1. Report the residue count in the range 150-169 for those that are under 11 Å from Cys182 (Cα atoms) and in a loop (DSSP other than H, G, I, E, B).
2. Quick check on the range 138-157: of everything there that is β-branched (Val, Ile, Thr) and at pLDDT 95 or above, which residue is surrounded by the most Cβ atoms within 10 Å (Cβ to Cβ)?
3. Give the residue that is farthest from the chain's Cα centre (by Cα), with candidates limited to residues of the range 128-137 that are open to solvent by 10 Å² or more (accessible area, probe 1.4 Å) and closer than 24 Å to Lys186 by Cα.
4. Listed residues Ser103, Ser89, Ser73, Ser133; which is among the small types (Gly, Ala, Ser), on the phi < 0 side of the Ramachandran plot and modelled with pLDDT under 90?
5. Which of the residues that make up the range 44-71 are assigned to a helix (DSSP H, G or I), open to solvent by 30 Å² or more (accessible area, probe 1.4 Å), touching a Phe, Trp or Tyr at 6+ places or on another chain (Cβ under 8 Å) and closer than 16 Å to Ser103 by Cα?
6. Which numbered condition in (1) among the hydrophobic types (A, V, I, L, M, F, W, C); (2) outside any loop (DSSP other than H, G, I, E, B); (3) touching a Pro at 6+ places or on another chain (Cβ under 8 Å) is the only one that Leu100 fails?
7. Pick from the range 163-198 the residues that are touching a strand residue (DSSP E or B) at 6+ places or on another chain (Cβ under 9 Å) and among the basic types (Lys, Arg): which of them is most open to solvent (accessible area, probe 1.4 Å)?
8. Scanning for something touching a Cys at 6+ places or on another chain (Cβ under 9 Å) and β-branched (Val, Ile, Thr), does the range 167-181 turn up at least one residue?
Amino acid sequence: MKASSSNFTTKANSNESKWKKKKVDRLSRLPDEIIHRVLSFVDAVSAVQTSVLSKRWKKLWTSLPVLNFNSSSFHHPLLFHSFIHHFMSHRDSSTNLYALNFSCNDELDDGHMVDSIIDHLTLSPTIQLLTISAECPVANLPQLSLCQSLTTLKLADISTEATTFDFVSLQRFYLFDCWFECGAEKTLDLFRGCVNLR
């Protein structure tokens, strides 16, 4: 009885050590494209937090092709603004950016944060989808015409002095509760330059 008991213990220890040897971080072994796909469903804060998982994950967030910025993760708009600035300044500019979703639940006094994001996007030749939902004025909106790859634009709650858009490649344009300020001398013709709208 003792012999079989010790044999069982030895086998159990042997199986446990084999299991420990086989214990592998399979998630980190996935290709960057798949990890990026997974991270495209979470907000940018969570994506950055994955950098503590391992050396493999340390800089993965800097090359994400889809960015999701949401102010609900922050207690104050200034913290949100600071995070976005830090994120964008540390982003790997050699990687492609295909989609950016920006949502700010707080009313912003100015649109500097959104204008700053638009400035970054004009340097990205691959951006295809942009969503901006923020109660603020946006001055740099016409600059998006430089983004020749932009096919989908969704705007909500913004105000702008732009009276027409020249988004030649744009195919889908969504507007919700937006305010367009134009003087008596200007005519509002938003879609004049959007020749490929579906």
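The values are calculated or read from the model by the stated rules, or taken from the named source; none is laboratory data. Predicted model only: the values in this text are computed from it and were never measured. Positions of Cβ are backbone-derived with ideal geometry, glycine not excepted, and every protein chain shown enters the neighbour counts. Areas reflect the complete protein model, heavy atoms only, side chains present, ligands, DNA and RNA absent. Shrake-Rupley method; radii C 1.70, N 1.55, O 1.52, S 1.80 Å.
1. The qualifying residues number 4.
2. So in the range 138-157, the residues β-branched (Val, Ile, Thr) come out as 138, 151-152.
Subset that is at pLDDT 95 or above: 151-152.
Values: Thr151: 17, Thr152: 15.
Going through the qualifying residues, I end up with Thr151.
3. Pro137
4. Ser73
5. Result: Val45, single match.
6. Here Leu100 clears every test but (3).
7. This residue is Arg198.
8. yes
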